[in-house]
């Protein structure tokens, strides 16, 4: 089965069982995966919830439930070990103006031959350009 690399917003939706129509369509034919930094960013939001779009409006109870799920991440969600991606990330950053998070996402999508799926609210030119330059499929998903 092909894979879909989910950003932190889409991963949150999957793990909280709050999957929208577009994400549901993707997951019907794709196995979910994510990156270390997307997983970290979601975990950080669960812990601190400072009003951001990830979990800032969530109740403490709901964040704790998601935190438990993050600590026992289902085996069905693949996370590529960072050590397998670091050199390629450095190459991507050398030629593209992209963050470390963006470089990891593009490198992981390449490694898994996955579609890079990003919540439409986080769609950014830098990561989109880096994905296009590497030949990775880039998909924006609404809620």
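Here are the numbers:
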{"read-out": "Rounded D (µm²/s) - the stretch 2-141, Kirkwood Rh over Cα pairs, Stokes-Einstein at 4 °C, 1.567 mPa s", "value": "86 µm²/s"}
{"read-out": "Helix-derived mean residue ellipticity, 222 nm - over the chain, DSSP H n ≥ 4, -39500 (n - 2.57), to 500", "value": "-15500 deg cm²/dmol"}
{"read-out": "Fewest-first ranking of 7, 17, 29, 123, using other Cβ atoms within 10 Å as the exposure measure", "value": "17, 29, 123, 7"}
{"read-out": "Likely footprinting exposure, 76, 134, fewest C-beta neighbours within 10 Å first", "value": "76, 134"}
{"read-out": "Potential extension, residue 133-residue 78 segment - 0.36 nm per residue separation minus Cα distance", "value": "17.4 nm"}
{"read-out": "Segments 102-112, 87-97 sorted - mean Cβ within 10 Å per residue, highest first", "value": "102-112, 87-97"}
{"read-out": "Residue 71 paired with residue 122, simple spin-label distance in nm, labels 7 Å along Cα-to-beta-carbon", "value": "2.3 nm"}
{"read-out": "Nearest-ten-degree value, helix 36-48 long axis tilted from longest Cα axis of the chain", "value": "30 degrees"}
{"read-out": "Angle between the chain longest axis and helix 86-95 axis [Cα atoms, degrees, rounded to 10]", "value": "70 degrees"}
{"read-out": "Relative contact order, percent, the chain [alpha-carbon distance under 8 Å, six or more residues apart]", "value": "30 percent"}
{"read-out": "Computed lengthening from residue 64 to residue 29, 0.36 nm per intervening residue step minus Cα-Cα distance", "value": "9.6 nm"}
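Every read-out reported here was derived from the displayed coordinates using simple, explicitly stated rules and does not represent laboratory data. Since this is a predicted model, take the numbers as computed values, not measurements. A quick note on method: Cβ atoms are made from the backbone with ideal geometry, for glycine too, and the neighbour counts reach across all protein chains shown.
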